[in-house]
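Worksheet: one structure, shown below.
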Amino acid sequence: MESVVVRDPEVMSGEPVFRGTRVLVQTLFDYIESGHSVDRFLEGFPTVTREAAMHAIEEAMEALYAEARKPQKRRDSTFS
């Protein structure tokens with residue numbers, strides 16, 4: 001599936017939005033962070049589908065996991 005998150009300098013100053021909308025993806029995460037459900041978010045932003053919201057969450061999880069799996073640079077363990 002094509003990403004539901006897009007960036008376009010002509011839309012919301014290039015901030016990530018849901019494809020075909022002007023709804024910032026950050027708004028979804030702000031709702032969740034504040035303890036609100038995805039349903040509550042969808043009620044406020046009817047142009048975003050449940051499928052798109054869930055896919056955005058999945059994309060964010062995959063990006064987080066990919067970052068966590070990257071080999072970490074070894075730190076010098078000697079002290080000065």
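If you check Pro46 against the conditions, is it in contact with a Lys or Arg (Cβ under 6 Å, 6 or more places away or on another chain) and either at positive phi or modelled with pLDDT of 95 or more (or both)? Spelling it out, it is not the case that Pro46 is in contact with a Lys or Arg (Cβ under 6 Å, 6 or more places away or on another chain) and either at positive phi or modelled with pLDDT of 95 or more (or both). Does the range 57-69 contain at least one residue that is on the phi > 0 side of the Ramachandran plot and either within 16 Å of the chain's Cα centre (by Cα) or at pLDDT 95 or above (or both)? No, the range 57-69 contains no residue that is on the phi > 0 side of the Ramachandran plot and either within 16 Å of the chain's Cα centre (by Cα) or at pLDDT 95 or above (or both). For the range 1-20, a tally of residues being part of a loop (DSSP other than H, G, I, E, B) and over 14 Å from Val48 (Cα atoms) returns 6.
For the range 37-56, the candidate set comprises residues that are within 15 Å of Val17 (Cβ to Cβ), of a type in the set (A, V, I, L, M, F, W, C) and assigned to a helix (DSSP H, G or I); within that set, the residue that is nearest to the chain's Cα centre (by Cα) is Ala56.
The values are calculated or read from the model by the stated rules, or taken from the named source; none is laboratory data. What you see is a predicted model, and the numbers here were worked out from it, not measured in a lab. Neighbour counts run over all protein chains shown; Cβ positions are idealised from the backbone, glycine included.
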